[in-house]
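*Asks:* Before anything else, here's the structure in question.
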Amino acid sequence: ARKYVVKKHFQGVPKKEDFELVEQELPPLKDGEFLAKAEWISVDPYLRAYNSRQSVPYDQFSFQVAVVTETKHPDYPVGTRIVSHKGWRDYTILNPNVAPKELNDKFYKLPDLQGLSPSLGVGAVGMPGASAYLGFLDLCKPKPGETVVVTGAAGAVGSLVGQIAKIKGCRVIGFAGSDDKVQWLEKELGFDKAFNYKTVDIRKAHQEAAPKGVDCYFDNVGGEISSIIMSQMNSFGRVSVCGSISSYNEDPSKMPKATILQPSLVFKQLKVEGFMIWSWDARWNEAYVELVKWIKSGQLKTREHVTEGFDKLYDAFVGMLAGENSGKAVVKV
Ligand code: NDP
């Protein structure tokens, strides 16, 4: 088997030399075990964000959809698809009878995708889908007619949040990093308005697009843009803080001081709440059932940015951090 090991703590943008591709001889299967071959491997922002919290070296974790190729477990016949957190590796031996010691040991059978691509198991019907569905609906509690703003709007999570908000009858404004992404959001995903945050005056654009203010903000990026959006929210607005990718490659000691947010929070009586989707893993299935239904009915569109080849994982990862993806960035092994 082959796996990627992270050897160093990243400085700025992760470098190819921070990773090492390691070959590993796998032992023969014991009773109760099965061998799974990775088909789709995910590259996500948290792989960057969690790096400083790990002690090095460590195996690069992430979600993968894998298919059982050899088995000594009756409930996992050859051909069964599973979703594990075994990350950037091609072959893995798993044993469903052993209780997981840590997150990386957990896995589940791929939900019934009703004929949709198994790759969705790391995207719209995987952790990013659960984050969009639960993180938005539970924390923002959107009501029909309300105005919702999403940053990172063309990404895996953001593109779903905007569409879920439309399904719930909201007016949706998105911010993303290229004109092509803006086109996709407005023309294909039904966003009421989208902006390229790299080229517009954010405060002005935001005011024009939401003259009656904003009720819900789904924050994927943090930083200055989030401070501007929060300063323009309506009283009793709700903010779901999902991520802060604008700072993941920054040195924490050199980050600019945050704009003072307290006056907006106090005077507008905002509710700002962060979440970790891991804490809600017992509810992911609830999200998956609804998401599959919406995708099948055409109410929810998914796009994937597919990079081919196990040896291209690093390129796919830094490409995603640089904004090359529309929709979910995923590697086809
Ligand atoms: P995306 O598919 O959105 O990919 C990352 C995107 O971030 C890029 O495509 C890029 O798009 C954008 N980006 C990169 N740098 C910046 C920057 N400096 N400022 C603004 N945008 C930037 O990833 P995900 O959908 O998987 O994740 C989105 C966010 O959600 C991340 O912050 C992630 O950490 C978080 N997350 C949190 C979870 C939780 O449990 N709290 C669970 C899952 C995700 P662009 O071209 O628009 O710049």
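No value in this document is a laboratory result; all are computed from the given coordinates. Everything numeric here is computed off the predicted structure, so don't read it as measured data. Don't worry about glycine lacking a Cβ; one is built from the backbone with ideal geometry, like all the others, and counts go over all protein chains shown.
*Asks:* For TRP278 and GLU250, FRET efficiency with R0 = 22 Å and r from the beta-carbon atoms, rounded to 0.05?
*Replies:* Working: r = 24 Å, r/R0 = 1.08.
According to the calculation, E is roughly 0.40.
*Asks:* Okay, next question. Provide the FRET efficiency to the nearest 0.05 for the GLU224-LYS8 pair, computing r from the beta carbons and using R0 = 35 Å. Could you put the intermediate results ahead of the total?
*Replies:* Numbers: r = 30 Å, r/R0 = 0.84.
Using R0 = 35 Å, I get an efficiency of 0.75.
*Asks:* Would you calculate a helix-derived [θ] at 222 nm for the chain, using -39,500 (n - 2.57) for each DSSP H run of n ≥ 4 and dividing by the full residue count, to the nearest 500? Write out the running numbers ahead of the final one.
*Replies:* Numbers: 9 runs with 82 residues, N = 333.
Mean residue ellipticity at 222 nm (helix-derived): -7000 deg cm²/dmol.
*Asks:* Also, quick follow-up: Exactly which GluC sites (Glu not before Pro) in the stretch 164-262 are in a DSSP loop and have at most 13 other Cβ atoms within 10 Å? Could the numbers behind the result be given before it?
*Replies:* Values: sites: GLU186, GLU188, GLU208, GLU224, GLU250; in loops: GLU250.
Answer by residue number: GLU250.
*Asks:* Right, next: If I measure Cβ to Cβ between cysteines in the chain, which ones have no partner under 4.7 Å?
*Replies:* That list is CYS170, CYS242.
*Asks:* Would you look at the GNM of the chain, springs on alpha carbons closer than 10 Å, and say which of VAL221, VAL292, VAL13 moves the most?
*Replies:* VAL13
*Asks:* Right, next: Measure out, as a whole number of angstrom, how far apart the alpha-carbon centroids of the stretch 162-226 and the stretch 1-22 sit.
*Replies:* 34
*Asks:* A further question follows. Is the shape of the stretch 127-277 best called rounded, prolate or oblate, per the rule: a/c under 1.5 gives rounded, else a/b larger than b/c gives prolate, else oblate, with a ≥ b ≥ c the square roots of the Cα gyration tensor eigenvalues? Please report the intermediate quantities before stating the final value.
*Replies:* Values: a/c = 1.24, a/b = 1.13, b/c = 1.10.
Cα axes put the stretch 127-277 in the rounded bin.
*Asks:* Given Cα pairs under 8 Å that are at least 6 residues apart, what percent is the relative contact order of the chain? Walk me through the numbers on the way to the answer.
*Replies:* Details: 688 pairs, mean separation 56.8, N = 333.
The normalised contact order for the chain reaches 17 percent.
*Asks:* For LYS143, which aspartates and glutamates qualify as cross-link partners when the Cα separation must be under 17 Å and same-chain residues fewer than eight apart are set aside?
*Replies:* Excluding near neighbours in sequence, the set is ASP192, ASP215.
*Asks:* How long is the gain from ASN285 to GLN183 if the chain were fully straight, where each residue apart is worth 0.36 nm and the alpha carbon distance is subtracted?
*Replies:* Values: separation 102, 0.36 × 102 = 36.72 nm, distance 3.17 nm.
Answer, rounded to one decimal: 33.6 nm.
*Asks:* Let me ask something additional. Determine, from the Cβ-Cβ distance of ASP315 and GLU17 and an R0 of 22 Å, the FRET efficiency 1/(1 + (r/R0)^6), rounded to the nearest 0.05.
*Replies:* Numbers: r = 14 Å, r/R0 = 0.63.
Step by step, r from the Cβ atoms, then E = 0.95.
*Asks:* Right, something else. Distance in nm between label sites at VAL306 and SER235, each 7 Å beyond Cα in the beta-carbon direction?
*Replies:* Going from the VAL306 label point to the SER235 one covers 5.2 nm.
*Asks:* If you don't mind, another one. What shape does the chain take by its C-alpha gyration tensor, where a ≥ b ≥ c are the square roots of the eigenvalues and a/c under 1.5 counts as rounded, a/b above b/c as prolate, and the rest as oblate?
*Replies:* Prolate.
*Asks:* While we're on this one: Distance cut-off 24 Å, Cα to Cα: go down the list LYS181/LYS268; LYS86/LYS166; LYS16/LYS86; LYS7/LYS312; LYS37/LYS106; LYS141/LYS204 and report the pairs above it.
*Replies:* Working: LYS181/LYS268 31 Å; LYS86/LYS166 34 Å; LYS16/LYS86 20 Å; LYS7/LYS312 18 Å; LYS37/LYS106 16 Å; LYS141/LYS204 26 Å.
Flagged as over cut-off: LYS181/LYS268; LYS86/LYS166; LYS141/LYS204.
*Asks:* Say each of ASP112 and GLN269 gets a label point 7 Å from the Cα, pointing the same way as Cα to Cβ; how far apart are those two points in nm?
*Replies:* Taking the two extended label points, one gets 4.5 nm.
*Asks:* If exposed means no more than 10 neighbouring beta carbons inside 10 Å and the site is in a DSSP loop, what's the longest run of the chain without any exposed trypsin sites (Lys or Arg not before Pro)? Intermediate values should be presented prior to the final figure.
*Replies:* Details: sites that count: LYS30, LYS101, LYS212, LYS257.
My reading of the result: 102-211 is the longest stretch.
*Asks:* Share of antiparallel DSSP beta bridges in the chain, in percent to the nearest 5?
*Replies:* Values: 29 of 56 bridges.
For the chain, the DSSP antiparallel bridge percentage is about 50.
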